[in-house]
Every structure is written in C-alpha cells, then in structure tokens.
C-alpha cells in the first residue's frame, strides 16, 4: 500500500512540470492540417510562430530536434495505422518533431508514450534512502523528410496535407524552409 502511494506521488511530481508548461492561450494561434486516407482520418495540430526576422538556418544545429511549432507540442492524430517508409505507426496520438541530421538532411521524429515504469528517486525525509525510481519509456519512429527551398518565404509556420492516390503527404513551410514526409495506410 505504501509503495503504491509513493509511486502515485512520484508520478504526480513528474507530470507537474508538463502541466506547468502548457500555455493558457494555446488555441489562440494554432493550425490544423488533416487528410482522409482510405476510410481513416489523419490530422496534425500545431502552433504557428512567425519568422519575425529570424534566420531559421542559424536557429537549429545538426543533431537538434525541433518541435515544429510553438506553445503546445505539434501532434499527429490518426484513427488508422500508418506507414512511413517501412515503419508502422499505430493509430493514436503522437508528438511530432523534426531533427536536423546535417545541412539539407532532416528526419521526422514521431513519439508516443508507450509505458510508465515506477522507478524515480523518491525519498520521504532528509536522511531516508531512495524508495523507487520512475522512468517514462517513449516509443519513437524516425523517418527521412524531403527538403526543398520554399519559394513563398512563408512568414508564419504552415503545415498542409496532400494526397497522391493512396499516399498522404504533410508539408511544413516556414521562411524559406520546406519539409515534407509521405505516408500511407498500413
């Protein structure tokens, strides 16, 4: 019983920073892109930051993950299983990020909370020993993205969707950056 209460306290303490970072005005400047693929719907919800004179190429270094938006995380929701290249993403809700691998080479990062394991350092008092540890394990799919120069020089980040037969495509435009990822029903 004591262990269960302590594990619950640990989980509450770990999730507190997540709620503290959720902006109160998140819906204010949000966008949504959605597509129908076969009998399913796929949508992306994202924040729309403005370029505002910033040099996007200087903001992100190789190896860094970019959350592709502002305020609340950019999310992918799908009521069907999807296939990005050879990788399958089960239906559900995911957080999307883009990772700069090297100049001109990007990957789409698709994250889903998979399981919660009770294992985080937790003590009851000044001199007590750690009781448990809580670890959050994430499921991640990584897939290459196409990059082109955006001729529109979009001042606000925009995600859009398109379709070519049974293939879906999400396109991100921000400043001179144009990234896209294709997928299909699994």
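The values are calculated or read from the model by the stated rules, or taken from the named source; none is laboratory data. Just so it is clear, the model here is predicted, and its values are computed rather than measured. Backbone-built Cβ (ideal geometry, glycine too); neighbour counts: all protein chains shown.
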**Complete:** Inside the stretch 82-94, the number of residues satisfying the requirement of being touching a residue at least 24 places away in the same chain (Cβ under 8 Å), touching a strand residue (DSSP E or B) at 6+ places or on another chain (Cβ under 6 Å) and surrounded by fewer than 19 Cβ atoms within 10 Å (Cβ to Cβ) is 4
**Complete:** Flagged pairs (Cβ under 8 angstrom, 6 or more apart or on separate chains; first in the stretch 39-64, on the phi > 0 side of the Ramachandran plot and surrounded by fewer than 11 Cβ atoms within 10 Å (Cβ to Cβ); second at pLDDT 90 or above and part of a loop (DSSP other than H, G, I, E, B)) are none
**Complete:** Checked pairs for the stretch 174-185, first in contact (Cβ under 8 Å) with a residue 12 or more places away in the chain and on the phi > 0 side of the Ramachandran plot, second surrounded by fewer than 21 Cβ atoms within 10 Å (Cβ to Cβ) and outside any strand (DSSP E or B), C-beta under 6 Å and 6 or more apart or across chains, list as 175/51; 175/56
**Fill in**
Taking the stretch 163-181 and the residues there that are within 15 Å of residue 38 (Cα to Cα) and at pLDDT 90 or above, the one that is surrounded by the most Cβ atoms within 10 Å (Cβ to Cβ) would be 168
**Selection count, the stretch 147-167, where residues are closer than 22 Å to residue 66 by Cα and in contact with a strand residue (DSSP E or B) (Cβ under 6 Å, 6 or more places away or on another chain)** = 13
**Message:** Here are the criteria: (1) touching a strand residue (DSSP E or B) at 6+ places or on another chain (Cβ under 7 Å); (2) over 18 Å from residue 143 (Cα atoms); (3) at pLDDT 90 or above. Tell me which single one residue 44 does not satisfy.
**Reply:** (2)
